[in-house]
1. Being at pLDDT 70 or above and charged (D, E, K, R) is the filter here, so list the residues in the range 80-107 that pass it.
2. Scan the range 224-251 residue by residue and report those that are within 16 Å of residue 104 (Cα to Cα), surrounded by fewer than 13 Cβ atoms within 10 Å (Cβ to Cβ) and among the polar types (S, T, N, Q).
3. Please go through the range 283-296 and give me each residue that is polar (S, T, N, Q) and open to solvent by 20 Å² or more (accessible area, probe 1.4 Å), ordered by number.
4. Quick check: anything in the range 282-293 more than 17 Å from residue 109 (Cβ to Cβ), among the basic types (Lys, Arg) and modelled with pLDDT of 90 or more?
5. Does residue 176 satisfy being under 21 Å from residue 260 (Cα atoms) and either under 28 Å from the mean Cα position of the chain (by Cα) or assigned to a helix (DSSP H, G or I) (or both)?
6. Here's a check for you: in the range 237-275, which residue that is of a type in the set (Ser, Thr, Tyr) and closer than 25 Å to residue 289 by Cβ is modelled with the lowest pLDDT?
7. Select from the range 198-223 the residues that are surrounded by fewer than 15 Cβ atoms within 10 Å (Cβ to Cβ) and either within 18 Å of residue 234 (Cα to Cα) or of a type in the set (S, T, N, Q) (or both) and list them in ascending order.
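The values are calculated or read from the model by the stated rules, or taken from the named source; none is laboratory data. These numbers come from a predicted model, not from an experiment. In this analysis, Cβ positions are derived from the backbone assuming ideal geometry, glycine residues included, and neighbour counts consider all displayed protein chains. Side chains are part of the model used for accessible areas, which takes the heavy atoms of the whole protein and leaves out ligands, DNA and RNA. Shrake-Rupley method; radii C 1.70, N 1.55, O 1.52, S 1.80 Å.
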Amino acid sequence: MTLQQLEYIEAVDEYGHFGKAAEACGVTQPTLSLMIKKLEDELDVIIFDRDSHPVVPTQMGRRIIDKAKVVLFNASQMVEMTKNEKQLCSGEVRIAMISTVSAVLVPGLFKFMCENYPSVQPLVQEMLSDSIVSKLKKAELDMGIMVSPVNDPDLLEIPLFHEKFLAYVSPTYPLYVKEALESTKLLNHPIWIMKDGLRQFDRSMLAPGERFSYDKMYEGGRAGTLIFIVNEIGGMTILPELHRNLILYSMQENLRPIVNPEVSRKISLVIRKDFVHERMLNIVIDAVKSIVPVQNQEEVIRKGPLTL
């Protein structure tokens, strides 16, 4: 078994076609097919259903490919670990973010990279939290930026920043006249959310014993859509604090603090515990430091270089 064979089965899984996979790997199709057949013979399993179009893995093949991705990830980490520390950092970094974080971080992240590390290519995707965790564990991502705690024993969480939640209230809604809204009473009112589709939340939607989670209310959508709904239809919604500067100054008058107690969330950078690309990690952390106000930054990213 060789790393090259693992790269070949990963490519076939990605493209669903032996010819396209061979082209992507820079080899002929007969060479790629022969190497995969040798791996199947060695393991005494069939990895791909060749009668399917596109080609798909067998049940055992799926498990082998998932393991192969982790092995290839660890191999690339080993190469990175042995590089000269003075070498210019370059290459791709695969980052996934939840949607309410990407709206705040992505423009500044790309600006920071272009100005300071033009050889680094950030590949950023928006994902739900569960998808980020799954892809990190399969080594299909390098980093995830999401609400913590994640509480997964295979992952390392590095706190980046914290932010309070604010209420965004229509001038036509009765609560608009209040200077602050009490969190204990807030959920007695309908709130526009984007969980399981755009809808208004009320307590009757909660299952027995279930608690309302502020950081889950945007799953599958963007805060900007909720602002638009409030502006057009009325009512109110909840926004993370750092979205304040993403809305028009005149609309910021519609924001109200949530108090007694304040509600907030912590955003962390999440990586696999076997991640060794410390330089790239610190570059991304430095990018976040350049974007997020100091008062929102967690102590861990104010202290300089991170040691893994």
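1. To start, the set of residues in the range 80-107 that are at pLDDT 70 or above comprises 89-107.
Correct list: 92, 94.
2. 245
3. Matches in the range 283-296: 290, 295.
4. No, the range 282-293 contains no residue that is more than 17 Å from residue 109 (Cβ to Cβ), among the basic types (Lys, Arg) and modelled with pLDDT of 90 or more.
5. The answer is yes for residue 176.
6. Narrowing the range 237-275 to residues of a type in the set (Ser, Thr, Tyr): 237, 249-250, 264, 268.
Then keep just the ones that are closer than 25 Å to residue 289 by Cβ; that gives 264, 268.
Details: 264: 91, 268: 95.
Among those residues, the one meeting the criterion is 264.
7. Residues satisfying the conditions are 198, 199, 202, 204, 213.
The rows are residues; the columns are (1) over 27 Å from residue 92 (Cα atoms); (2) touching a helix residue (DSSP H, G or I) at 6+ places or on another chain (Cβ under 6 Å).
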{"position": "20", "(1), (2)": "no, no"}
{"position": "26", "(1), (2)": "no, no"}
{"position": "30", "(1), (2)": "yes, no"}
{"position": "33", "(1), (2)": "yes, yes"}
{"position": "40", "(1), (2)": "yes, no"}
{"position": "50", "(1), (2)": "yes, no"}
{"position": "58", "(1), (2)": "yes, no"}
{"position": "72", "(1), (2)": "no, yes"}
